[in-house]
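This report refers to the structure that appears directly beneath it.
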Amino acid sequence: MSVALVLWRRSLNEVLRVRGALLPATIAPVIFMLGITGQFGRLTGLEGFPTDSYISWIVPLSCLQGAGFAGAAAGSNLARDIEQGWFDRLLVAPVPRPMLIVGPILGAVSRSMVPATVVLIVGLLIGADLTGGIPGLIALYGAAAGFCAAAALWGMFMAVTFRTQQAGPLMQQGVFLVVFLSTAYTPLALLHGWLGDVAHLNPMTHVLEMARQATVVGIEPSWAHTWPGLVALLALATVLGALALNGLNRMGR
């Protein structure tokens, strides 16, 4: 575990040395939130929309996007270390392989709190409601941390598979697609056709419901709105973690 903690500290040191490292994961979700709210803010007038504040509906989504982008960056950093040969030293060290990815994941989760918090503050300043109180905030930050960890595992899987930073767009697009094909913009009851079917099966739908306990009036903080999101995050982490570890073991052969 000491190795994982050292890799965690290394991940955080990178943020201190590269001051703009968190800017893309912070600015992009804010711009997205402002643009989507301006374009589709009147969707709340549709019958069945659970809130009359569209910004309150979008804020948790943008928080999770920022956390997801921060997580995917862990994959890009791993791909850089692989290209430069530094990661080969870790592979021959007498260290359990899972610890080699636990440290960067901890670093990614720590970094993800910055964009999630900035997005939340901006959202509150422009009119979002904080209806869930402390329990809602805990659910929101728990969802952000869990989704960041899942995105980091996805990015690492891409990194150990392609072993180049050129796989960076695949890491980011994976995060974007899993969010886009969910209840990102409208509730499940208002989605029709194939998009509704996909959103119903998409685990991200449950994660968003968990996060929206913080700001959406119709989704009050409760265990019923929390446990499906926790199960979805656990399932994502299990599958993606197995893929990342399998790829890591193949590298060491």
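The values are calculated or read from the model by the stated rules, or taken from the named source; none is laboratory data. Quantities reported herein were computed from a predicted structural model and do not represent experimental measurements. A quick note on method: Cβ atoms are made from the backbone with ideal geometry, for glycine too, and the neighbour counts reach across all protein chains shown. Heavy atoms of the whole protein, side chains included, go into the accessibility calculation; ligands, DNA and RNA do not. Shrake-Rupley method; radii C 1.70, N 1.55, O 1.52, S 1.80 Å.
Every condition in (1) open to solvent by 40 Å² or more (accessible area, probe 1.4 Å); (2) more than 22 Å from PRO203 (Cβ to Cβ) holds for GLY107 except the one numbered (1). Among residues of the range 9-45 being in contact with a helix residue (DSSP H, G or I) (Cβ under 8 Å, 6 or more places away or on another chain), β-branched (Val, Ile, Thr) and closer than 12 Å to ALA116 by Cα, the one that is surrounded by the fewest Cβ atoms within 10 Å (Cβ to Cβ) is VAL30. Counting the residues of the range 63-86 that are free of Cβ contacts under 8 Å to residues at least 12 places away in the same chain and either under 17 Å from the mean Cα position of the chain (by Cα) or open to solvent by less than 20 Å² (accessible area, probe 1.4 Å) (or both) gives 1. Test each condition in (1) open to solvent by less than 30 Å² (accessible area, probe 1.4 Å); (2) over 14 Å from the mean Cα position of the chain (by Cα); (3) touching a residue at least 40 places away in the same chain (Cβ under 8 Å) for VAL207 and report the one that comes out false. Single failed check for VAL207: (2). Name the residue that is farthest from ASN249 (Cα to Cα), counting only residues in the range 137-158 that are surrounded by fewer than 24 Cβ atoms within 10 Å (Cβ to Cβ) and over 12 Å from the mean Cα position of the chain (by Cα). Filtering the range 137-158 for residues that are surrounded by fewer than 24 Cβ atoms within 10 Å (Cβ to Cβ) and over 12 Å from the mean Cα position of the chain (by Cα), the one farthest from ASN249 (Cα to Cα) comes out as LEU137. Pairs meeting the criteria (first residue in the range 46-60 and farther than 16 Å from LEU188 by Cα and open to solvent by less than 20 Å² (accessible area, probe 1.4 Å), second residue assigned to a loop (DSSP other than H, G, I, E, B) and of a type in the set (Gly, Ala, Ser), beta carbons under 6 Å, at least 6 apart or on different chains) are ILE55/GLY127; ILE55/ALA128; SER56/ALA128; VAL59/ALA128.
When the criteria are applied in full, THR161 meets the requirement of being more than 19 Å from the chain's Cα centre (by Cα), modelled with pLDDT of 90 or more and open to solvent by 10 Å² or more (accessible area, probe 1.4 Å). Does at least one position in the range 194-201 carry a residue that is under 26 Å from ALA74 (Cα atoms) and surrounded by fewer than 20 Cβ atoms within 10 Å (Cβ to Cβ)? Among the residues of the range 194-201, not one is under 26 Å from ALA74 (Cα atoms) and surrounded by fewer than 20 Cβ atoms within 10 Å (Cβ to Cβ), which makes the answer no. Only one entry of ALA189, ALA232, ALA244 meets the criterion of being touching a residue at least 40 places away in the same chain (Cβ under 8 Å), among the aliphatic types (A, V, I, L, M) and open to solvent by less than 60 Å² (accessible area, probe 1.4 Å), and that entry is ALA244.
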